[in-house]
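Below is one structure; the comments refer to it alone.
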Amino acid sequence: MRKLYLSLLTGVIISIILLGWLIDTFSEQTAPDEDNFFWQAKLLVGIANQAGNNPLNNRASFIEQAGKDFDLKIAYHSGASLALPTELTEQMHRPQGLLIDSDEGYFYLLKSTPAIKPDYIELQLEKPPERNSYDVILTIAFYSGVCAFMWFVLAPLAKRLSVLTHAAKQFAGGNLDTRIEVNHFTYIKDVELTFNRMANQIEKLLAENKLMASSLSHDIRTPVACLRFGFDAALEETDIEEVHHLLERMEKDLDQMEDMLSSYLSFATLEQKSHLLKFEPIRLQGYISDIVDQMHPKMSKNGLTANLSIKAELVMEADLHWLARAISNLLSNACDFAQMQLFISAKLHDHEIEITVEDDGPGIEPENWNKVFNPFFQEQGHRNRAGKSYGLGLAIVSKVVDWHHGKASVSRSELLGGAKFTLILPCKAVSQAVQSD
């Protein structure tokens, strides 16, 4: 939107400058008629002064002779014959004289001096060509230029808005693959990127809801079938001890169903918590070390060791609760499959924080690298390895990273040979006080 604001502001400033220049030009071309007859007024002053040096009865003839000499239509009149208001009479004594318009197509320049007062000299002048046509053309040209300039500024905006409107209609019509190809020269790049993020989020939520419904209906059939089998068997069983045994199995199936439903519902309501994020600056070395310490009992139980490689001065801003949840899920997942050790690192790369969790386990097949962050996905060889697992841990990691406008990926660890999970998060500016702690 900043480009839009700057473009409109630039257009307004240029339009004002252009308007001022045209007004000045127009003012010069439409100067008062008195200014157009400046030299005639100066000449008339000289003739009036000369006439004042002549006797009263010779003044008319002197003026007549001056008119012939200078080829001017000039005449000497008595002040008593002129019926004008006092204000106009006084104007005849000013340097520019008094200019009077007539219906005959002439101007009359009246001039008097103290030497001939109250008499005056009258000079007949031709009217200059009319400029009204030029005024109209100038006005039309000015507004046309302003309109053309504003069109030049606003046309790209209108085009991008039409693209945004078309994409929104397509998306609303059910085409969830609709995205806007962002143009670097657009004024509304932020709006277009926001639309694409919104479309991605909506498409992802709809896909997750469909997947959740199908996964839940599929996964819940097994414990329901076990319950049905155990219930039927208990009704037919006469041995009370065997009935108790069947009831214990049914209780375990119910516990499994309860855990499953709790996990599914927890994931389904996860998106509602995205607006509650609270970003705070934190030093990653101590922060991740504390998370690893919390996972120590599970690592000890599996006989694992963890090595960290994080610089002490590395600082980032994030929601501390949810980022810890994501890293804990990665560590828990690594503990389930690692053989002997884990490796956790964090580094700054091109204004982004890169956090990695590696293990020496079997790793993940390359064809599944794009699937492991999908809800309810589990590799066939890894199913039930960790007990109560429904394929939601990595999905939560992906969602938390999305909340932080980052990216999660998986690959093969070159260091340990197992899986390598990588979180890339934008590194926001933090306060100097936190950096100096």
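Here are some notes:
- Remark: Asp293 matches the filter, which requires a residue to be under 29 Å from Ser328 (Cα atoms) and modelled with pLDDT of 80 or more.
- When the strands (runs of 3 or more DSSP E) confined to segment 318-437 are screened for residues that are open to solvent by 20 Å² or more (accessible area, probe 1.4 Å) and either modelled with pLDDT of 85 or more or under 20 Å from Gly286 (Cα atoms) (or both), those reaching at least 3 such residues are found at 341-349, 407-412, 419-426.
- Filtered residues of segment 75-98 (kept if aliphatic (A, V, I, L, M) and farther than 22 Å from Arg59 by Cα): Leu84, Leu88
- Selection within segment 83-102 - more than 19 Å from Gly52 (Cα to Cα) and either among the basic types (Lys, Arg) or touching a Phe, Trp or Tyr at 6+ places or on another chain (Cβ under 7 Å) (or both): Leu99, Ile100, Asp101, Ser102
- Inter-residue pairs, beta-carbon under 6 Å, first within 17 Å of Leu125 (Cβ to Cβ) and in segment 73-98, second in a loop (DSSP other than H, G, I, E, B) and not small (Gly, Ala, Ser), 6+ apart: Leu98/Met92
- Filtered residues of segment 150-203 (kept if open to solvent by 80 Å² or more (accessible area, probe 1.4 Å) and more than 21 Å from His405 (Cβ to Cβ)): Trp151, Phe152, Lys159, His166, Lys169, Ala172, Asp177, Phe185
- Gly20 vs. criteria within 60 Å of the chain's Cα centre (by Cα) and either under 30 Å from Phe185 (Cβ atoms) or modelled with pLDDT of 75 or more (or both): yes
- Residue match in segment 214-232 (condition: within 28 Å of Ile344 (Cα to Cα), modelled with pLDDT of 80 or more and surrounded by 11 or more Cβ atoms within 10 Å (Cβ to Cβ)): no
- Which numbered condition Ile121 misses (of (1) β-branched (Val, Ile, Thr); (2) at pLDDT 80 or above; (3) under 30 Å from Ala141 (Cβ atoms)): (3)
- Taken over segment 305-326, the criterion of being under 24 Å from Ser398 (Cβ atoms) and not small (Gly, Ala, Ser) is satisfied by Leu308, Ile310, Leu314, Met316, Glu317, Asp319, Leu320, His321, Trp322, Leu323, Arg325.
- Residue that is farthest from Ser309 (Cα to Cα), among those in segment 280-289 that are in contact (Cβ under 8 Å) with a residue 12 or more places away in the chain and in a helix (DSSP H, G or I): Tyr287
- Residues satisfying the stated conditions in segment 45-78, i.e. of a type in the set (A, V, I, L, M, F, W, C) and not in a helix (DSSP H, G or I): Leu72, Ile74, Ala75
Residue-wise test of (1) at pLDDT below 80; (2) out of contact with any Lys or Arg (no Cβ under 6 Å at 6 or more places or on another chain); (3) not aliphatic (A, V, I, L, M).
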site	(1), (2), (3)
Leu193	no, yes, no
Asn200	no, yes, yes
Ala207	yes, yes, no
His244	no, yes, yes
Glu251	no, yes, yes
Met257	yes, yes, no
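The values are calculated or read from the model by the stated rules, or taken from the named source; none is laboratory data. A quick note: this is a predicted structure, and the numbers were derived from the prediction, not measured. Neighbour counts are summed over all protein chains in view; Cβ atoms, including those assigned to glycine, are modelled from backbone coordinates with ideal geometry. Only protein heavy atoms, including side chains, enter the accessible area calculation; ligands, DNA and RNA are left aside. Shrake-Rupley method; radii C 1.70, N 1.55, O 1.52, S 1.80 Å.
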